[in-house]
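Read through the structure below, which is laid out as structure tokens, and then see the notes.
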Amino acid sequence: MKRFSIIISILLLFSGLMPAQSQENENKSIIKSCLTGWEYSLKAGFSIGGTSPLPLPQEIRQIDSYQPSMTISIEGNTTKWLDNEKKWGLTFGLRLEEKNMITKATVKNYGMTIINSNGGELGGLWTGGVKTKVKNSYLTVPVLANYKIDRHWKLVAGLYISYLLNGDFSGHVYEGHIRTPDQMGERVDFSGDNIAVYDFTDNLRKFQWGLQFGGEWNVFKHLNVYADLTWGLNDIFKKDFNTITFAMYPIYLNIGLGCSI
């Protein structure tokens, strides 16, 4: 009888352990499922583009020159594939990038605040030449949907948000005149070597957001060539900045190489 009681106790013990063991196996299966289907990559490339109003306002009569700057971008990202065939996925990234350019334009009645030779400011409407330098560094987070056409080609599209790390929007005016404070105001002429500088760096917006879309071509097993276009959807200047009367948007193409893990 004693032996029979011991056997019953052992059976009851195992019957109690089996559901716990089953639950543990189920938990392991869920964790394994969550951890699979992830892909990691590092990307390095260069950006080319410009910061411009869309469309060009009547104040800008013509673009006299455009000098893009080849700037390096570095990105790390992770992709979660949502199906077993790895057709659809979602990518989260972190990118360090610069968006630079230098332009010259001929303008008429262009809102401007210039700095005189004595250090004072003069605000009004400028008619003449304007040289602008843009040199902005951003920390960018893209969130992109992925679609694999085949084992070599992949398309991506989504949104990005950027934080301004360092900014520079400055330049000078030349060969023209400014009327202050409006078209009927006093006229001050600049000609020859007589120029006046301006600097709107402090008026740059800290956060930018926009669209990103592009594609990748798988050259080798872990090596990709990519091209992405980023199109800003909010003005680079703060909301209360009204010297320049139109919004300006950064539009840049980024081309480079990626290594997937």
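Heavy-atom accessible surface of Val143, to the nearest 10 Å², is about 60 Å², with a 1.4 Å probe and all protein chains retained. Close amide H partners of Leu165, meaning residues 5 or more places away or on another chain with modelled amide H under 5 Å apart, are Ser137, Tyr138, Leu139. For the set Trp126, Trp209, the ranking by accessible area, highest first and with no ligand, DNA or RNA atoms included, is Trp209, Trp126 under a 1.4 Å probe. For the chain, the 222 nm mean residue ellipticity estimated from helices alone, with every DSSP H stretch of n ≥ 4 adding -39500 (n - 2.57) and the total spread over all residues, rounds to -5000 deg cm²/dmol.
Model label points for Glu121 and Phe241, set 7 angstrom from Cα along the Cα-to-Cβ axis, are 1.2 nm apart. A crude spin-label estimate for the pair Ile251 and Lys86, with each label 7 Å from Cα along the Cβ direction, gives 3.5 nm. The share of accessible area on the chain that comes from carbon and sulfur is 62 percent, using a 1.4 angstrom probe.
Per 0.36 nm of contour for each residue apart, how much would the distance between Val225 and Leu159 grow if the chain were fully extended, relative to their Cα-Cα spacing?
Details: separation 66, 0.36 × 66 = 23.76 nm, distance 2.06 nm.
Taking Val225 through Leu159 to full extension adds about 21.7 nm, to one decimal.
Potential lengthening of the chain between Ala44 and Asn194 amounts to 49.8 nm, from the contour at 0.36 nm per residue minus the alpha-carbon distance. Enumerate the residues in segment 49-73 having an amide nitrogen under 18 Å from the point lying 7 Å beyond the Cα of Asp168 toward its Cβ. Only 49-51, 66-73 fall inside the zone, counting backbone N under 18 Å. Pairing the Cα long axis of helix 2-35 with the longest principal axis of the chain, what angle in degrees results, from 0 to 90 and rounded to the nearest 10? Helix 2-35 sits at roughly 20 degrees to that axis. Relative to one another, the C-alpha centroids of segment 88-104 and segment 212-228 are positioned 15 Å apart.
The convex hull of the Cα atoms of the chain, projected and averaged over all directions, covers 21.9 nm².
3J(HN,Hα) along segment 48-53, derived from phi through the Karplus expression 6.51 cos²θ - 1.76 cosθ + 1.60 where θ = phi - 60°, amounts to 9, x, x, 10, 8, x Hz, with x in place of Gly and Pro. Measuring nothing but how far apart in sequence close Cα pairs (under 8 Å, 6+ apart) lie, relative to its length, the chain scores a relative contact order of 19 percent. If a spin label sat at a point 7 angstrom from the Cα of Ile102 along the line to its beta carbon, the backbone N atoms of segment 111-148 nearer than 13 Å would be those of 131-135.
The values are calculated or read from the model by the stated rules, or taken from the named source; none is laboratory data. Just so it is clear, the model here is predicted, and its values are computed rather than measured. When we count neighbours, we look across all protein chains shown, and the Cβ atoms used for this are built from the backbone with ideal geometry, even at glycine. The accessibility values were calculated without ligands, DNA or RNA, using every heavy atom of the protein model including side chains. Shrake-Rupley method; radii C 1.70, N 1.55, O 1.52, S 1.80 Å.
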